[in-house]
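The values are calculated or read from the model by the stated rules, or taken from the named source; none is laboratory data. Quantities reported herein were computed from a predicted structural model and do not represent experimental measurements. So basically every Cβ, Gly included, is an ideal-geometry build from the backbone, and we count neighbours across all protein chains shown. In case anyone asks, the SASA skips ligands and DNA or RNA and just uses the protein heavy atoms, side chains included. Shrake-Rupley method; radii C 1.70, N 1.55, O 1.52, S 1.80 Å.
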Amino acid sequence: MIVVTGAAGQLGRQIVEKLCTMTDPHRIGVSVRDPKQVEALAECGVRVRRGHRGPRDRAAADPIRPGRRR
């Protein structure tokens, strides 16, 4: 399975559409905040799941900058 996050955005949607031409859409899963935004992908066979990176994960995802303390 190939999983793409942010598939509701412009770049994410383009990536998923390209992947659909390269492999079976049933092998593709997407994680989006609002599944309604990607209903067309679901109709093509892409697995859609609601996902959201919450504030607790934000600190772990931020890059560490010189002189910055956590």
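Some observations on this one:
- Within the stretch 2-19, residues that are of a type in the set (Ser, Thr, Tyr) reach partners that are surrounded by 15 or more Cβ atoms within 10 Å (Cβ to Cβ) and not in a loop (DSSP other than H, G, I, E, B) with beta carbons closer than 7 Å, at six or more positions or on different chains, in the pairs 5/31.
- Residue, modelled with the lowest pLDDT, within the stretch 11-70, restricted to residues that are of a type in the set (Gly, Ala, Ser) and closer than 20 Å to residue 1 by Cα: 51
- Any strands (runs of 3 or more DSSP E) falling wholly within the stretch 1-53 and containing at least 1 residues that are open to solvent by 40 Å² or more (accessible area, probe 1.4 Å) and among the polar types (S, T, N, Q): 2-5
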